[in-house]
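**Student:** Just dropping this structure here.
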Amino acid sequence: MAQWYGCTLLAVTTCLGSEDVTGIIPTIHNRPEELRYSLESILACKPAKLILVTTCSKQWRQRCANKRLQISKALEDGHVKTDITVLADDDFEWPSTLMPWLLTPFEDDRMGGIGTCQRVKRVDGDLATRIFNWLGAAYIERRNEISATHNIDGGTLCMYILNADDDNFITRWLVAHRNRQPWCTYALHIATFTSLAFVVDALLLFSCWWGTGNWEPRNRRSLLGAEIAFMFGFSKVVKLVGLFRRNPSDIMFLPVSILFGYFHGLIKIYALCTLNKTSWGSREDGNNHNAFPKIHARKAKVPIPVTGDTGK
């Protein structure tokens, strides 16, 4: 799969610079101090403009906590005047060297959009804190890995019926405009619903045992042991090799990854049964917006433009 990974080598000179970039950040934070590190890291890269779209300002806001609508609000009315627009989350910190790597792919006039390779900041703390932090790091590592799958046919994995995030909306738009992704449909979309680990793993092991019923007991046990070793020593590890190479001590979290994989199957089933639920589960007012994404509403004020430094 490595041969399909779409990493672009850094160009010596580029026609684009940081002055050609506008950043858009939708946020639900109502305490600006929580955004300080993220905003400072972005402003240090010197974009032409940074637009912060919030739900709590009394003067400039998008009235619904909906990421796609917040980004749409920032894009309308001529707020973005640059050639490149960066859609960023409010909990990301940009490295100071990001801009050249971000802009180099656009030296190719056929390039319409790119995604970045991301890393989770590791934290110290008690065991529970480190476990949850590692699960986040493992999630990002797997997401970086599937860039190779995307690059085979230009597909993306974000296929949802809800008007939730910007990436989901962009994917739906591309598919609606005849952008076909046969490999991703098979390798990502279908696999998402058919790879329930707690079901598939059990069926594979039982099939191996039942299918070798007429073998000698010793050979039968050897084959079953080999399948278990392959299943837990390779197939559940291969996507995390990069993470383990950078942090060898993370191998202690491998059992956590395997157990969470089984639990994640239950999450998939729950998600399938609640496809029509659009509430923001982590917000106290989440249910207030349960039906809002299904309504075409464009009654928001202008977003907040952020330029200059944060005034330390």
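**Student:** Out of curiosity, is residue 103 outside any loop (DSSP other than H, G, I, E, B), touching a helix residue (DSSP H, G or I) at 6+ places or on another chain (Cβ under 9 Å) and modelled with pLDDT of 90 or more?
**Tutor:** Here the answer is yes, as residue 103 does meet what is asked.
**Student:** Against the condition over 24 Å from residue 121 (Cβ atoms) and in a helix (DSSP H, G or I), how does residue 221 come out, does it pass?
**Tutor:** Values: over 24 Å from residue 121 (Cβ atoms): yes; in a helix (DSSP H, G or I): yes.
Yes: the conditions hold for residue 221.
**Student:** What do you reckon, is residue 80 under 18 Å from the mean Cα position of the chain (by Cα), under 16 Å from residue 52 (Cβ atoms) and β-branched (Val, Ile, Thr)?
**Tutor:** no
The rows are residues; the columns are (1) over 19 Å from residue 91 (Cα atoms); (2) surrounded by 13 or more Cβ atoms within 10 Å (Cβ to Cβ); (3) over 15 Å from the mean Cα position of the chain (by Cα); (4) at pLDDT below 70.
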{"position": "125", "(1), (2), (3), (4)": "yes, no, yes, no"}
{"position": "133", "(1), (2), (3), (4)": "no, yes, yes, no"}
{"position": "146", "(1), (2), (3), (4)": "yes, yes, no, yes"}
{"position": "170", "(1), (2), (3), (4)": "yes, yes, no, yes"}
{"position": "199", "(1), (2), (3), (4)": "yes, yes, yes, no"}
{"position": "202", "(1), (2), (3), (4)": "yes, no, yes, no"}
{"position": "209", "(1), (2), (3), (4)": "yes, yes, yes, no"}
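**Student:** Out of (1) over 15 Å from residue 20 (Cβ atoms); (2) modelled with pLDDT of 80 or more; (3) within 22 Å of the chain's Cα centre (by Cα), what's the single condition that is false for residue 65?
**Tutor:** Of the numbered conditions (1) over 15 Å from residue 20 (Cβ atoms); (2) modelled with pLDDT of 80 or more; (3) within 22 Å of the chain's Cα centre (by Cα), the odd one out for residue 65 is (2).
**Student:** For the stretch 234-257, enumerate the residues that are touching a residue at least 60 places away in the same chain (Cβ under 8 Å), surrounded by fewer than 16 Cβ atoms within 10 Å (Cβ to Cβ) and β-branched (Val, Ile, Thr).
**Tutor:** Residues of the stretch 234-257 touching a residue at least 60 places away in the same chain (Cβ under 8 Å): 239-240, 242-243, 247, 250, 253, 256-257.
Now drop any that are not surrounded by fewer than 16 Cβ atoms within 10 Å (Cβ to Cβ), which leaves 242, 247.
None - no residue of the stretch 234-257 is touching a residue at least 60 places away in the same chain (Cβ under 8 Å), surrounded by fewer than 16 Cβ atoms within 10 Å (Cβ to Cβ) and β-branched (Val, Ile, Thr), so the list stays empty.
**Student:** Please go through (1) surrounded by 17 or more Cβ atoms within 10 Å (Cβ to Cβ); (2) modelled with pLDDT of 80 or more; (3) among the hydroxyl-bearing types (Ser, Thr, Tyr) for residue 72 and return the number of the only condition it doesn't satisfy.
**Tutor:** All conditions are met except number (2).
**Student:** Tell me yes or no: at least one residue of the stretch 258-265 is modelled with pLDDT under 90 and surrounded by fewer than 13 Cβ atoms within 10 Å (Cβ to Cβ). Steps first, answer last, please.
**Tutor:** The first filter runs over the stretch 258-265 and keeps only residues modelled with pLDDT under 90, leaving none.
The answer is no; no qualifying residue exists.
The values are calculated or read from the model by the stated rules, or taken from the named source; none is laboratory data. All figures in this text were calculated on a predicted structure; none of them were measured in a lab. All Cβ positions, even for glycine, are placed from backbone atoms using ideal geometry, and neighbour counts span all protein chains on display.
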